[in-house]
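K.L.:
Right, I'll just put the structure down here and ask away after.
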Amino acid sequence: MRRWLAAGLALLALAGCTSDPEPAPPAPSPQVTASPPPAPPQGGRTVFGAHWDWNRYEQFTPFLRKISGSATYHELSWCDIEREQGRPDWSAVDRVAERSRSLGITLHLKIRTGVCWATGGTAQHVRGTANKTESAMPRDLDAYKSFVDSVVRRYAPYGVREYAVENEVNAPQYWAGSPADYTTLVTAAAAAIRAADPDARVVDSGISSVAYGWGVADRLLQAGRQDEAVRAYNAYFQRRIGTRGKQIPPVSTPADLRAALAVAQNARNLEYLAATERLLDGKVVDVRQVHFYEHWSAVPDLLGYLSAQTPAGTPVEAWEVGQFWRDGDGDAASRSAEMVKAVALLAAGGVREVIWLPLAYNPANRQSSEVRYGLLDPDGKERTAGQMLAALAALAQGATAEPVRDKGLAGTAFRRGGETALVVWAAAGPVTVPASAALKSGPVGAAATRDGAVEVAADPVVLRGKGTPADLLKTVG
């Protein structure tokens, strides 16, 4: 069932980056509503975090200390922990929990089943050096609930309060069951999680970024907004069209879009989105988990979908945000600027956690090129993108975020106490911010010390000063 959030939501608008070849983004989209976050860790909570390979923990530690106060997640599976029935080995997850806590980073857990004695059957999809597989329904739901209970009771003392059930169940390589099976599994897991820790929150599987794109287009099509649906499809999938054959084809008409929606995998994507939303409606699930790897200009369309399809007051968290760009030719500066725009706009839209993935590109994986852009080099050296995300994490620590769309500027305002930091770029042509003793400016990732006039163009800059966002914007001509 489609549903709309209450009127009066803040609007988030986005204008094109003058250096980008893509067309200007669409009209404003509603802001996602969110419940108050849990108590922040010592040092203050920040919306911006990252997900990393724990095998390279030592290399990444210097950067991770810069994003203390953020959140991350770790995936575990019943079949990995209990390879032999009755003999669980928690040591690997214990290390993750201990190290996360020592870094001051809040840990979330994704609980998967895998395929083994606990489920029966033979894995059809084996991935990576860790031999990860899809998940299947447990043979014994009571035994599954007992395992989930063990997970929650073991890791609640480490500060783990959010537990996702499975991962991207719309993809066959992650889930072997049906939507009805998934609903049964989540219902059982939710009961076990809440019984073990009444303060815990249940999180959905995190439907894939691609599936959300189909949700965006289908919602507009079903509402009779056919031309807008075609536009949104092409904006959302601008870097994916043709990368998956018939699954993401060129689309120029509503008829093309309807034909693409009929492709089996695309229909499955919508089916699992609907199943997830029924779980949210029924309050079986407490938190909506978003995955987003597309061009930043698609953020308003995604936020519009989330506002329309999420019960009011439901927290929305983006556990996986990144930059899909097969054979991408953008330089470090342009890719870093794109990263800033994507994560800042998600935060402004009410998404309360934005976790970049991957922290660092792994050259040993099966991809021959860096399809998803890392904040660090493989050896842990900070890239420009890493410096910028660390700066954003500091700006957002203990702050509220709200959209900026005024005086020719677009972006996000972070407000803490009596001070505001605007992370903004030009919505269209360059904007000159006059010199002001009360306003400091500088690039994202560098100290905001300049007090002379500054020209804001395509690349994000930081404007800092005392007062509200409106107070700072009064200085712009």
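The values are calculated or read from the model by the stated rules, or taken from the named source; none is laboratory data. Quantities reported herein were computed from a predicted structural model and do not represent experimental measurements. No Cβ is skipped: glycine too gets one built from the backbone with ideal geometry, and neighbour counts run over all protein chains shown. The protein model used for the area step is the full one, side chains on, heavy atoms only, and it has no ligands, DNA or RNA in it. Shrake-Rupley method; radii C 1.70, N 1.55, O 1.52, S 1.80 Å.
K.L.:
Does Leu409 fit the bill of being farther than 14 Å from Ala347 by Cα and open to solvent by less than 10 Å² (accessible area, probe 1.4 Å)?
P.N.:
yes
K.L.:
Same structure again: What number of residues in segment 230-255 are open to solvent by less than 60 Å² (accessible area, probe 1.4 Å), at pLDDT 95 or above, farther than 22 Å from Trp296 by Cα and part of a helix (DSSP H, G or I)?
P.N.:
Result for segment 230-255: 1.
K.L.:
Looking at Ala92, Ala97, Ala118, which one is modelled with pLDDT of 95 or more, open to solvent by less than 40 Å² (accessible area, probe 1.4 Å) and not in a loop (DSSP other than H, G, I, E, B)? Give the steps one after another, and end with the answer.
P.N.:
Working: Ala92 fails: open to solvent by less than 40 Å² (accessible area, probe 1.4 Å); Ala118 fails: not in a loop (DSSP other than H, G, I, E, B).
Ala97 is the lone residue from the list that is modelled with pLDDT of 95 or more, open to solvent by less than 40 Å² (accessible area, probe 1.4 Å) and not in a loop (DSSP other than H, G, I, E, B).
K.L.:
It is to be established whether one or more residues within segment 127-150 are closer than 30 Å to Leu389 by Cα and of a type in the set (Phe, Trp, Tyr).
P.N.:
no
K.L.:
The conditions are (1) β-branched (Val, Ile, Thr); (2) without any contact (Cβ under 8 Å) to a residue 40 or more places away in the chain; (3) more than 29 Å from His125 (Cα to Cα), and Ile248 fails exactly one of them. Which is it?
P.N.:
(3)
K.L.:
Hey, can you tell me all the residues within segment 212-227 that are open to solvent by 10 Å² or more (accessible area, probe 1.4 Å) and under 16 Å from Gln309 (Cβ atoms)?
P.N.:
From segment 212-227, those open to solvent by 10 Å² or more (accessible area, probe 1.4 Å) are 218-219, 221-227; that's our starting set.
Within segment 212-227, Asp218, Arg219, Leu221, Gln222, Ala223, Arg225 meet the criteria.
K.L.:
For segment 154-170, enumerate the residues that are open to solvent by 10 Å² or more (accessible area, probe 1.4 Å) and either aromatic (Phe, Trp, Tyr) or closer than 16 Å to Ala188 by Cα (or both). Even if it seems obvious, please write down each step before you answer.
P.N.:
From segment 154-170, those open to solvent by 10 Å² or more (accessible area, probe 1.4 Å) are 154, 156-159, 161, 168; that's our starting set.
The answer is Tyr158, and nothing else.
K.L.:
Additional query: Among the listed residues Gly452, Gly442, Gly429, Gly398, which satisfies the condition of being closer than 29 Å to Ile67 by Cβ and either touching a helix residue (DSSP H, G or I) at 6+ places or on another chain (Cβ under 8 Å) or in a loop (DSSP other than H, G, I, E, B) (or both)?
P.N.:
From the options Gly452, Gly442, Gly429, Gly398, the qualifying one is Gly398.
K.L.:
Does Glu294 meet the test of being within 30 Å of Arg383 (Cβ to Cβ), assigned to a loop (DSSP other than H, G, I, E, B), touching a strand residue (DSSP E or B) at 6+ places or on another chain (Cβ under 9 Å) and in contact (Cβ under 8 Å) with a residue 12 or more places away in the chain?
P.N.:
yes
K.L.:
Is it fair to say Pro172 is in contact (Cβ under 8 Å) with a residue 40 or more places away in the chain, in contact with a helix residue (DSSP H, G or I) (Cβ under 6 Å, 6 or more places away or on another chain) and in a loop (DSSP other than H, G, I, E, B)? Lay out the reasoning, then the answer.
P.N.:
Values: in contact (Cβ under 8 Å) with a residue 40 or more places away in the chain: yes; in contact with a helix residue (DSSP H, G or I) (Cβ under 6 Å, 6 or more places away or on another chain): no; in a loop (DSSP other than H, G, I, E, B): yes.
So Pro172 does not fit the description; no.
K.L.:
Something else: Test of understanding: among Ala217, Ala195, Ala200, which residue is touching a Lys or Arg at 6+ places or on another chain (Cβ under 6 Å) and modelled with pLDDT of 95 or more? Walk me through it before giving the result.
P.N.:
Numbers: Ala217 fails: touching a Lys or Arg at 6+ places or on another chain (Cβ under 6 Å); Ala195 fails: touching a Lys or Arg at 6+ places or on another chain (Cβ under 6 Å).
Exactly one of Ala217, Ala195, Ala200 is touching a Lys or Arg at 6+ places or on another chain (Cβ under 6 Å) and modelled with pLDDT of 95 or more, namely Ala200.
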